[in-house]
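Report on one structure; see the data block that follows.
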Amino acid sequence: MSVRPVTFPPAFLWGTATAAYQIEGAVSEGGRTPSIWDTFSHTPGRVEGGDTGDTAVDHFHRRAEDVELMAGLGVNAYRFSVSWPRVQPTGRGPGVQRGLDFYRGLVDDLLDHGIRPVLTLYHWDLPQELEAAGGWPERDTAHRFADYARVVAEALGDRVDMWTTLNEPWCSAFLGYGSGVHAPGRTGPVDALRAAHHLNLGHGLAAQALRSVLPAGAKLSISLNPSVVRARSQSPGDLDARRRIDALANRIFAGPLLKGAYPQDLFADTAALTDWSFVHGDDLAVIKHPLDSLGLNYYAPAVVSDATDSHGERSDGHGDASEHSPWPGADAVSFHQPPGERTEMGWSVDPTGLYDLLLHYTREAPGLPLVITENGAAYDDKPAADGTVHDPDRIRYLHGHLSAVHRAIADGADVRGYFLWSLMDNFEWSYGYGKRFGAVRVDYETQTRTPKSSAHWYAALARTGVLPGLPGLLEA
Ligand code: FCB
């Protein structure tokens, strides 16, 4: 029996992704000042094991080696983020040359290896000084973000043509200011809603700034982490729980970005908390700035029910435990772990969620290309006696999810690329170094990088555009 090869479109972007605070280290070099993640990780009890990003995987000093590593993987794109306090330490004023030079060097190394740089401006490291001035709940932060975008665009616009404003604004707003499990660790439901709006506004203002500086062909995007939210049953209560979480996780961003409006039901659900007067006249028109693609990050779906008739976990659906909810106005919603396989994060393995997500945004945003800017899994993989690292679980996870992407493309989704989270093991936010997402293992004692078997598997895919099979893996 012959099996048709699973082949992706020719110009497909095959990449890996990272974020500045998770890999760079060198937190006080070159004039860099603390971000909210430096402050947070140095606050006892905030990060497992007291881990911090002080050294991380020392990428700041091993940049050239890491680009070589990527070249060895055969990828044609790399998604990284710029550390705001490295290039604009106070969050205001001109850029710091030493910081900008680091990224210029990185981009040049990438281009020399035929790897397309995909730059994210904000992957959660707000300069601490801006948090001291109120952080994302304050409108001024959106303007500061647009100024910072301009600084970076002026420095790198001649050599980077794919620009992403924000990574996962849901996490910044609702984990940072709602449940407090992310930096800056504040727990105010109204602050979280205000932060969400000012992140949206910051995106729009930054998009305007980027457009005014960048060459005409530059592509603008934002990376969201929509929740693929499923009701536990078709009861009216469970369906309403689904609607509420969909509003707070998804439509609060997709509404303004794609349609220029917040959903009315979101206003109704949160009316007891706020009148939303922090949304000003022109904001929605600014936020609805045209995009060239939409970045989607996907890990696992969420299952919710009406809390009055269930025994679900009062968690945020992300596995992060906090006594404070990240879901303002949705106290009566429970999250449930679907049965079946889970990753080391406790997240369920369900590629159908990625398929559903891609088809959903194909309908929601017709004509807008989609890019999967993060997908991957943490497993507790360990080196064998000979030093090699076999991670068959991760290969199975990737195989399942890439098969789903292929199916979505066949069914009409215009998917232009896939970025594996992550290039290498790194600082996994409040979980510290305990959770390993890398295709490349990092020995944190020696900083030695060792490609895992998933890296070799992914390299074969990136080089050929044909999904490698699974045979042989199970015997490893
Ligand atoms: C996403 C983050 C990324 C990484 C993965 C596992 O939410 O954007 O930095 O932590 O989760």
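The values are calculated or read from the model by the stated rules, or taken from the named source; none is laboratory data. For clarity, every value in this text was computed on a predicted model and none was experimentally measured. Here the Cβ is made from the backbone with ideal geometry for all residues, glycine too, and neighbour counts use every protein chain on show. We work out accessible area using only protein heavy atoms, side chains counted, and drop any ligands, DNA or RNA first. Shrake-Rupley method; radii C 1.70, N 1.55, O 1.52, S 1.80 Å.
A few remarks follow.
- Where only DSSP H runs of four or more residues are counted, the chain gives -10500 deg cm²/dmol as its mean residue ellipticity at 222 nm, each run worth -39500 (n - 2.57).
- Solvent exposure of the chain, expressed per residue, is 36 Å² of accessible area, with all protein chains present and a 1.4 angstrom probe.
- Under 5 Å between amide hydrogens, built in the peptide plane, is the criterion, and for Gly417 it picks out Leu13, Ile372 among residues at least 5 positions away or on other chains.
- Label-to-label distance, nm, for residues given as Thr464 and Lys382 (7 Å Cα→Cβ offset): 3.3 nm
- In loop segments of region 2-41 as defined by DSSP, there are no chymotrypsin sites (Phe, Trp or Tyr not before Pro) with at most 11 further C-beta atoms inside 10 Å of their C-beta.
- Set of region 129-155 residues, backbone N closer than 20 Å to the point 7 Å along the Cα-Cβ line of Leu273: 134-142
- Just the protein heavy atoms count here, and of the accessible area of the chain at 1.4 Å, carbon and sulfur take up 52 percent.
- Summing charges over neighbours of Asp51, with a neighbour being any other residue whose Cβ is under 11 Å away from its Cβ, gives -1 when K and R count +1 and D and E count -1.
- Inter-probe distance in nm under a simple model that places probes 7 Å from Cα toward Cβ, at Val3 and His390: 2.0 nm
- A simple spin-label model places the labels of Leu368 and Asp265 1.9 nm from each other, with each point 7 Å out along Cα-to-Cβ.
- Cα shape, region 78-130, gyration tensor, a/c 1.5 rule: oblate
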